[in-house]
Structures are given as structure tokens and as C-alpha cells.
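Participant: The structure is given below, and queries will be raised subsequently.
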Amino acid sequence: MNFNKSQWKERLQSFGQVLTNKQAWKGIRITYNVIWNLFLIFLIIGLIGLSFAGGVGAGYFASLVKTEPVRAYESMQKDIYNYEETTEVYFDHDIYLGTLRTDLEREEVDLSEISPHLINAVIATEDEYFYEHNGVVPKAIMRALLQEVTNSPMQSGGSTLTQQLIKNQILTNEVSFDRKAKEILLAMRLEKFFEKDDILEAYLNIVSFGRNSNGRNIAGVQAAAKGLFGVEAKDLTIAQAAFIAGIPQNPYAHTPFYNKPNAEGLYVKDNLEPGLERMNTVLRRMLSAKFITQEQYEEALAFDLRSQLIKPLNSSRDDYPWLTAEVEERAANILIYKIAEEDGYEQSDLDADEELKSYYNSEALKQLRQNGYRIYTTIDKNIYDSFQKVVDEFAYYGNDKKNKKPDPETGEAVFEPLETGAVLIENKTGKIISFVGGRDFNREELNHATKAIRPNGSTMKPLLDYAPAFEYGTLQPGSVLADVPYKYPGSPKQVHNYGGAYDYKGLMSVRHALKLSRNVPAVKAYVDNFNRRPLTFLEKMGFTSLVDEDEHAYAVSLGGLTYGVSVEENVNAYATFANEGKFIDGYMIEKITTKDGDIVYEHKVEAVDVFSPQTAYLTIDTMRDVIRSGTATSLYSHLKFNSDWAGKTGTGQDLKDVWFVATNPNVSFGTWMGYDTPKPVDNTYKGVGYSQRNIMLWAKLMNAAYDIRPDLVDPEASFKMPGGIVRRSYCVLSGLIPSALCSEAGLVESDIFNAKFVPTKVDDSLTKGKYIVVDDKAYRVPANAPAEFVQEGVMIKKEFLEYHKLTDTKAIEKILPNTAKWKNLVITEDKEVTDNGAVPSTVNASIAGSTLWWKKHDHNDVLGYRIYRANNFTTDFKRIGSVPARDTLQFNVGNSIAAYYVTAVDVNGNETPLSQSTLVKSGDYQQEKPKVEAPPEPPPVEPAPPEEVNPPEEKPQPPKPEGQGEQDQN
């Protein structure tokens with residue numbers, strides 16, 4: 001609007017009139033005062049209201065945090081850095097194996113080892129004022145509250161990184177004003193105690209990042225970088241860093257991996273867009289914060305996520321499933337007692353209270369999964385790997401066998417392969433160098449080396465039967481036992497050998513009995529000491545599955561335990577002999593430390609006295625013969641080296657378990673074969689017997705260990721004989737000091753003895769006596785027997801036979817081995833020999849060169865033969881010799897020109913008439929057969945002297961009661 005001068009003048013005059021008008025000024029003053037007073041009143045009311053609201057708010061805030069303790073620096077430090085970290089496992093010599101099984105994989109990393117791109121991405125996305133605030137940002141909190149009230153999309157959270165750290169490590173994820181108030185208070189307190197970089201580092205190590213390429217939960221940026229892209233956190237690109245930084249807002253939605261694999265065995269999602277969209281948001285914020293340039297931003301937007309995601313990686317649980325599981329269990333068992341001890345409990349308290357032990361087991365597993373321990377094992381990686389290769393390539397296990405029960409889900413028949421387990425232990429330390437858990441973990445997770453409990457067959461004999469007997473002094477390697485029909489005490493059940501009910505070998509030394517793995521002698525050895533409770537030796541040697549039933553069963557002497565023993569325990573027990581009778585418990589965990597190297601646990605070798613050094617050596621030396629000439633003779637033909645091995649084969653009832661355990665001065669090693677659902681092993685497979693197949697596998701595994709560490713498995717030294725061992729001769733009939741008659745019969749051998757238990761009595765089981773032989777049996781001499789056929793030899797005394805309850809010839813024959821050595825020993829029949837009432841008929845003889853020979857007469861009462869000769873061109877036949885029926889039926893006649901008759905003589909002196917005999921000619925004898933009117937008169941028969949039987953000087957003691965067991969094969 002435009003005014004001219006006159007108009008401006010008029011308005012100015014009007015305004016001046018108002019200014020000079022007192023009434024107008026009064027109205028203006030009144031209006032001003034009212035407005036000012038109203039302002040003051042509202043200001044005062046506002047201030048009072050704000051003060052009241054602030055007081056109420058402060059009071060409310062105070063009420064929310066009144067239960068929160070004032071935390072000291074040490075307390076907050078412990079809480080902030082107390083995040084779960086995966087435990088690492090190492091082979092021997094600190095070779096990294098992998099991590100233990102855990103619900104959440106995490107690997108701690110220093111801030112200096114994290115890519116700056118990732119740090120910038122996290123700050124730009126989660127807390128742009130991180131380096132400026134003191135723990136909280138009020139504006140951000142108000143913004144978050146406004147977004148919550150208006151239900152608008154959440155563009156950014158109201159919590160700083162410090163608050164998120166408090167929420168994750170000290171508080172909970174509970175949504176409440178109470179929790180939020182405590183979070184704010186603690187965040188501000190944390191900022192006073194810690195540097196910004198310390199807070200940032202802790203946050204980057206605790207935050208969740210979804211799943212890795214194996215579908216496992218991961219936390220911390222190092223696990224995320226490795227688990228998604230296969231790189232270290234320090235090597236992440238801008239795009240990779242932005243993608244990882246975007247995951248924590250919603251790990252479930254933004255992670256690129258599922259928890260289960262698809263048909264191709266991959267865990268990657270089909271739809272990656274949620275994670276990519278979040279990555280783009282992170283990149284925009286990085287650009288806005290000037291952490292990256294426009295060029296870097298655009299380059300990162302072209303990031304091909306799918307192509308850079310890694311495929312599933314084999315973890316320690318994939319490559320070493322049996323080993324990882326075994327280490328975890330053993331580590332937990334160690335920590336159980338350590339944690340309980342810190343709480344004031346002793347091991348006996350836990351062993352007596354299953355509920356208490358279960359609680360501490362849970363605590364131990366929790367610590368293993370959270371505390372990031374370093375577990376160092378005794379396992380040699382190279383030997384362990386080579387063992388698995390040998391097991392995979394071995395071609396002589398046996399056929400798969402059908403189970404009785406079908407698959408419960410499909411109803412189809414289930415076929416089981418023959419399984420195996422093996423353990424290699426260093427004797428002097430107890431270190432488990434390597435083991436074989438089985439053939440296929442995916443088929444059967446049971447560790448057949450440490451967890452499969454099976455009867456140990458004849459490998460029990462040295463442990464329970466013979467070594468305790470050596471220790472007690474009731475037997476020595478040269479002691480004699482009878483492998484004869486034998487029943488368990490108080491039972492009609494008979495002990496059998498592998499050959500069956502009639503396979504008995506008679507008298508034999510302990511050494512020989514163990515070499516051939518005879519069952520009856522072993523059972524007798526155990527029964528003889530049964531009341532002394534030999535099972536205590538097994539307890540000292542680490543057998544953990546013994547039960548009360550084993551205390552009363554004689555079958556344990558042949559390995560017939562109620563449950564059985566693991567390969568580890570069986571092998572560990574054999575190491576006792578190599579350790580001069582001291583048991584050193586096998587172990588797999590050398591030490592456990594914190595991530596900083598502080599020792600949590602360290603193994604200490606403790607020896608337990610079981611046997612004397614003398615007993616240990618006697619057992620070792622006896623078991624040497626098992627390999628030299630016994631049931632394991634084939635071993636050295638398969639081995640690359642010839643160490644000083646001593647061992648024992650073993651087979652369970654019905655061929656359900658096959659064993660071989662051996663020890664040398666450095667190591668002990670054993671293998672087992674069998675089916676998970678016990679069933680007989682193939683007697684032969686590809687032309688090889690069951691025991692030989694197991695020995696072949698044993699040798700191949702040991703050859704593999706030799707290729708890697710010959711110094712360990714092939715020591716130059718042999719077992720050293722301790723003092724107190726002497727060599728002595730003994731009579732193989734009784735095990736006592738040989739008598740002159742024992743020597744005459746050729747029944748003397750020698751062996752080593754504990755000097756405390758050498759024989760002190762001279763054998764008195766033999767005598768010199770006269771006898772006749774009729775029909776291949778020895779008889780006491782009858783009154784009319786011609787003296788020329790009465791023989792004299794070494795005979796077993798009747799008292800000895802009665803002591804062994806051997807009263808009939810058949811039983812007696814069973815105690816005498818069928819070898820040439822025992823042919824010199826004479827045992828006469830109990831009954832008298834009788835005449836059949838007929839004169840012996842013609843003896844058909846012939847001559848070859850200078851030897852006249854004939855066949856055994858068919859009469860059963862002939863005790864000898866007479867030979868007559870007439871020189872050339874005469875009929876003057878004269879007797880030139882006599883041959884007892886027991887001797888070889890031949891006679892040396894030289895080169896004379898003569899004719900011969902052979903006659904048979906019976907027990908009453910009746911003789912074949914010459915007229916009924918066959919003429920035998922030699923040389924150029926031309927004369928026709930002479931007419932013999934009457935045979936020449938035989939010389940008068942002198943009655944035989946009575947049989948000489950010398951009574952023993954001391955009557956043998958009655959035998960101990962004899963025991964029962966299961967049939968064993970070798």
C-alpha cells in the first residue's frame with residue numbers, strides 16, 4: 001500500500017494525539033502489565049511443573065535401579081570379558097587339532113586385528129556418536145521412544161554400543177523400564193572405568209552374527225569373518241565388513257545360512273535379499289559418515305554375496321570325530337572334580353551322589369564351551385592319521401552279518417560290518433599315542449577303543465591266572481599242570497579247549513600251556529588261588545567294569561567277564577608287565593590351560609604297585625613264547641621290525657571277540673575285532689583265519705607307527721631281567737627237582753624261576769619196575785611169563801596216579817603228551833593179563849638183506865617172539881634170540897646162509913610149533929624145508945621176579961578244588 005505526503009502527515013498527527021492522550025497511555029500500561037504478569041505466572045507454573053516432573057522422574061528412576069549394586073571395576077571387568085569362547089584342542093607337540101563341540105562358536109580377537117572397515121561399519125550403523133558420548137545418547141533414546149510410541153519403522157536403535165555390551169554381558173534381553181534404567185546407569189559407570197577401544201573390542205567379540213557355512217551359531221567378528229567368507233577379521237573388504245556389520249540387528253533374518261543342509265549338502269539360503277538390503281543401509285551410513293568415498297560406496301554396492309560365501313568346512317568334529325568326542329569327555333571328567341573341589345567337595349562325595357556328580361558334569365561342560373580353554377593331548381597326529389588310513393585300506397575284516405532285529409523305521413534287514421578298535425600306549429608314561437575308534441563314525445559313533453566293553457578271552461590268562469600265581473608262588477613257568485578233562489568246582493559243566501570235548505594235551509608246563517592257550521591249565525591256576533581273590537590285581541590295573549558276579553564266576557579266568565573290558569584298559573594292563581609290575585594309568589590329556597596360558601590342569605604320572613619285578617619278567621618271558629612258537633607265531637612274518645615283543649592272543653565265547661595284545665620295552669599295543677551286536681566272526685575269510693586276520697591288522701598298524709617313529713615303537717634294548725631270577729632244571733612230570741629216574745627217562749627240562757619259589761623237593765613220582773608188553777599194553781609180570789620177555793623200565797608210581805585220580809589206563813594216557821619223549825615212560829594196566837587158551841599160530845616172517853622181520857601176531861596174549869636158525873645144509877635149528885612184543889618186530893641175522901623160523905610165545909609160555917611155522921631162507925641156502933618131527937626143547941622158563949614198586953618218600957598233598965569258565969578259542 002502507497003501513501004502520499006499528506007496522508008503520511010495525517011497519520012503521524014493521529015499517532016501523536018494518541019501519545020499525548022493520557023487515557024490511551026493508561027490502557028497500554030494496563031495491557032502490558034497483564035501480559036507480563038501472565039507470562040510470569042505461566043513461567044513459574046512451568047518451572048514448578050518441570051521441577052515436580054523431574055523430581056518424580058528422578059524418584060522413579062531411583063526406584064528402578066535401587067536393587068542394582070554399585071559395581072566395582074573388577075566386577076565389571078570380569079562380567080564384560082566373561083563371554084563364551086570356543087575351546088581349542090591340540091595334538092602332541094602343540095599341533096592344532098580344532099575346536100570342541102559347542103552351541104556357539106567364538107574366537108576372540110584383539111581390536112588391532114580387526115579390519116578398520118568393519119569397525120567403521122559398526123560405529124556408523126550402531127553408534128555414530130560412540131567416541132563422543134559418555135555411555136548414553138539422550139537424543140537417541142528419545143528418538144527410539146518416539147519410534148516405539150508411533151509404531152514407526154526403526155531406523156536406528158536407542159542403545160549405544162556400551163549399552164548393548166551391558167545388556168549382553170551383565171543384564172538380560174528383558175523388555176522393561178527396570179532393565180533399561182539399569183542399562184543406562186551401568187553404561188555410564190562402564191564408561192568411567194574403561195577406554196572406548198576396550199569397550200569396542202569387547203562388543204565386537206560378543207555380538208551374535210547368525211550362522212556360519214556349517215550351519216552353526218557364531219559370535220564375534222573373527223568367527224563371522226572365517227565362518228562366512230573364510231578370511232581373518234583383519235582382511236575383510238568394505239562390502240564384507242558392511243554385510244557382517246548389518247547382521248546383529250536381526251541375526252535370524254540377515255544371516256546367509258540355515259542350520260540344516262539342503263540336498264546338495266550346503267547350508268546357504270535361497271533368498272539373501274534381507275541381508276543385502278541391510279548391507280546397503282550400512283554402506284549408506286558409512287558414506288554419510290565419510291568413512292568411505294562415493295567410489296568405494298558404488299564399488300561395494302556391486303558386491304556378489306553368494307559367490308563369496310564359503311562352502312561347509314570340515315571341522316575337527318568332521319575330521320577327527322572319535323578323538324574330539326573323547327577329548328571333550330575326558331576334559332569334562334577332569335574339570336568335574338576340580339570345580340567340585342573348589343566348592344569344598346571331594347571326589348568320593350561325587351562318586352557317592354549321582355545327582356551331585358551330574359550337576360558338576362553340567363558345570364564342567366559349560367566351562368568347556370564358554371571359557372576358551374586350550375587342551376593339549378598326547379595323540380601323535382601323524383600316527384593317528386596313518387592308523388585311520390590302515391583301517392580304511394585293510395581288506396581282511398570279514399563279511400557283513402545280518403542282525404536278528406530289522407531296522408525299526410524301515411523294517412528292512414540290518415547288516416553290520418566287522419568292527420575294530422586299537423590303542424597304542426607308551427609304557428613308562430601312560431601316554432595314549434594313538435587309537436582306532438572304529439571303521440566309520442557316521443555308521444557307529446561308539447568308540448571301540450575306549451568305550452566298547454567286551455569279554456577279553458584268553459588275553460585274560462596272563463593278567464588273572466598266571467601272573468597272580470607267579471606272585472603267590474603257587475606256580476612258576478616250569479610248573480606242571482594237566483590238560484585233562486576237568487569240571488568246574490561245584491558244577492557239572494566241563495572246561496573245553498578250542499578243539500572240543502576230547503582235545504586235551506596232557507601234562508605240560510605253564511609256559512607251554514600259555515603258548516598253546518590251553519584252557520584247563522589256566523582255569524586250574526585261577527581256581528588254585530581263588531580264595532586269595534586274584535580279581536584285586538585287575539582292579540589295581542584299571543579294570544572299571546568288574547561287578548559282584550565276577551567275584552564268584554570261574555569263567556573270568558578265561559575272559560568271561562559279566563560285561564568286559566575296553567581295548568584301552570586291556571592294553572594298559574599289559575603295560576604293567578613292561579613297567580616291572582607297576583601300573584601307570586593311560587591318559588590322553590597332557591594339560592588344560594586358559595587362553596592366556598595359565599595352567600588349569602596338568603597330568604602327573606602315578607605308579608601303582610601290582611606285581612613284583614620278578615613276576616612281571618616271568619610273565620613277559622612266558623608270553624614271548626606265544627609269539628616265538630605259539631598262537632601268534634605269524635606276527636614276525638608281517639612286521640617290518642623285530643622288537644622284543646611279548647603278548648597274547650584271545651578269542652571270546654563262540655568266536656564273538658578276537659584279540660591280540662603285545663608289549664615291548666617302550667609301548668603296548670592291542671587290537672580287537674568283533675560285531676557291535678555280538679555274533680561269531682568268520683572262521684576264515686579270503687583264506688585267512690580269524691586270529692591271523694587280527695594279527696595282520698595289528699602288524700600293519702604297528703608298521704605304520706614304525707614308519708613315523710621307529711625310536712618309539714622299536715627300542716634297541718630288550719626287556720631286562722631283574723635280580724632274583726634263576727634258571728633251574730625240573731622234571732616235566734611234576735615240576736620238581738629231577739630225580740635220577742626222571743633224567744634216565746629223558747623227562748628233564750629247564751626254565752626260569754623266581755628265586756624265592758624254586759622247587760625244593762626232588763621228584764618222587766617215578767620208580768624202576770619190571771613189566772611185560774602184550775597187545776601194545778604194559779602189564780605186571782605174571783608168574784608163568786618167560787623171563788626173556790620181561791622188561792624193566794621207568795614207571796609212574798601208583799601213588800602219583802592216585803593223587804591225580806587217574807586209576808584207569810585211558811585216563812592215564814591223557815596226562816601223557818603223545819610225543820617221543822614220553823614213550824620211555826611205562827604205565828602198566830590195572831588188571832592182570834589173561835591167556836586166551838590157544839597155542840599161538842604161525843608167524844609169517846620174511847627177510848630183507850640182513851634183517852628178519854614179521855608182523856604183529858593176531859592173538860591178544862602174545863608177549864614175545866623167538867627166532868630159530870639152522871645154518872646151510874643142516875636141520876639143526878637153534879634159538880638165537882628173543883624179541884619182546886613191545887620192541888620193533890625185526891631181528892638182525894647178519895649175512896649168514898641159513899634158514900629161520902619165528903615163533904610166538906604167549907603169557908603162559910605156549911609157543912608156536914616149528915612144524916607149523918614158516919621157513920625163511922637167506923643167502924644161497926638150497927636145502928628143502930626139513931622134516932621136523934618135534935621142535936627142540938626150549939630152555940626151562942624161569943619164573944619172573946615180582947614187580948618192584950618203591951613207595952614214595954612223601955605222599956603228595958590232595959589237590960585244590962577246581963573251577964569253571966567259558967570255552968575259549970586261543
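No value in this document is a laboratory result; all are computed from the given coordinates. Being a predicted model, the structure only gives us computed values, none of them experimental. Every residue, glycine as well, gets a Cβ built from its backbone with ideal geometry; the counts of neighbours run over all protein chains shown.
Participant: Evaluate E = 1/(1 + (r/R0)^6) for LYS640 and LYS196, where r is the Cβ-Cβ distance and R0 equals 51 Å; express this FRET efficiency to the nearest 0.05.
Facilitator: Calculated transfer efficiency: 0.20.
Participant: Consider all pairwise Cα distances in the stretch 845-921 and report the whole-number % of them above 20 Å.
Facilitator: Counting every Cα pair in the stretch 845-921, those more than 20 Å apart make up 25 percent.
Participant: With just the Cα atoms defining each centre, how far is the stretch 403-443 from the stretch 677-754? Give it in Å.
Facilitator: Here the answer is 28 Å between Cα centres.
Participant: Pop a pseudo-label 7 angstrom from the Cα along the beta-carbon direction at both LYS260 and ALA848 and give the gap in nm to one decimal.
Facilitator: Here the modelled spin labels are 8.6 nm apart.
Participant: Can you tell me how much longer the chain between THR593 and GLU329 gets when fully stretched, taken as 0.36 nm per residue apart minus their C-alpha distance, in nm with one decimal?
Facilitator: Stretched out fully, the THR593 to GLU329 stretch lengthens by 93.4 nm.
Participant: Compute the orientation-averaged projected area for the stretch 397-446 from the convex hull of its Cα atoms and round it to one decimal in nm².
Facilitator: Here the figure is 4.8 nm², rounded to one decimal.
Participant: With the radius of gyration and the Kirkwood radius both derived from the Cα set of the stretch 415-713, what is their ratio Rg to Rh?
Facilitator: Reported Rg/Rh (Cα atoms, Kirkwood Rh): 0.96.
Participant: Same structure, new question: What Kirkwood hydrodynamic radius do you get for the stretch 550-664 when you take the inverse of the mean 1/r over all pairs of distinct Cα atoms, in Å?
Facilitator: Radius from the Kirkwood sum: 16.6 Å.
Participant: Could I ask something else about it? Calculate how large, on average over all directions, the projected area of the Cα convex hull of the stretch 668-745 is; give the answer in nm² to one decimal.
Facilitator: Taking the Cα atoms of the stretch 668-745, their convex hull projects to 11.1 nm² on average.
Participant: At R0 = 22 Å, how high is the FRET efficiency between GLU444 and ALA395 if r is their beta carbon distance? Nearest 0.05 is fine.
Facilitator: Once rounded, the FRET efficiency stands at 0.65.
Participant: Show me the ranking of peptides 740-751, 254-265 by mean Cβ neighbours inside 10 Å, starting with the highest.
Facilitator: 740-751, 254-265
Participant: Ranked highest first by average number of other Cβ atoms within 10 Å, how do 569-580, 900-911 line up?
Facilitator: 569-580, 900-911
Participant: Taking the mean number of other Cβ atoms within 10 Å as a proxy for protection, how do you rank 864-871, 274-281 from highest to lowest?
Facilitator: 864-871, 274-281
Participant: Report, in whole Å, the centroid distance computed from the Cα atoms of the stretch 222-240 and the stretch 99-136.
Facilitator: If we compute the Cα centre of each part, the gap is 13 Å.
Participant: Here's another thing I want to ask about it. Quick one: go through the stretch 210-225 and flag any residue whose amide nitrogen is under 11 Å from the point 7 Å out along the Cα-to-Cβ line of ASP270.
Facilitator: Nothing falls inside the zone, counting backbone N under 11 Å.
Participant: A follow-up question, please. I'd like the Karplus ³J(HN,Hα) series for the stretch 712-721: coefficients 6.51, -1.76, 1.60, θ = phi - 60°, whole numbers in Hz, and an x wherever there's a Gly or Pro.
Facilitator: 7, 9, 10, x, 5, 6, 9, 4, 8, 6
Participant: Label GLN308 and THR293 with points 7 Å out from Cα along Cα→Cβ: what is the distance between them in nm?
Facilitator: 1.9
Participant: Residue separation times 0.36 nm, minus the C-alpha to C-alpha distance between MET721 and MET188: what's the value?
Facilitator: In short, 184.3 nm is gained.
Participant: Assuming a ≥ b ≥ c are the square roots of the Cα gyration tensor eigenvalues, decide whether the stretch 368-499 counts as rounded (a/c under 1.5), prolate (otherwise, with a/b larger than b/c) or oblate.
Facilitator: Cα axes put the stretch 368-499 in the oblate bin.
Participant: Once Rh is set to the Kirkwood radius over Cα pairs, what Stokes-Einstein translational diffusion coefficient, in µm²/s, holds for the stretch 240-354 at a temperature of 25 °C and a viscosity of 0.890 mPa s?
Facilitator: 133
Participant: For GLU355 paired with GLN249, estimate the spin-label separation in nm (one decimal), with each label point 7 Å from Cα along the Cα-to-Cβ line.
Facilitator: 5.0
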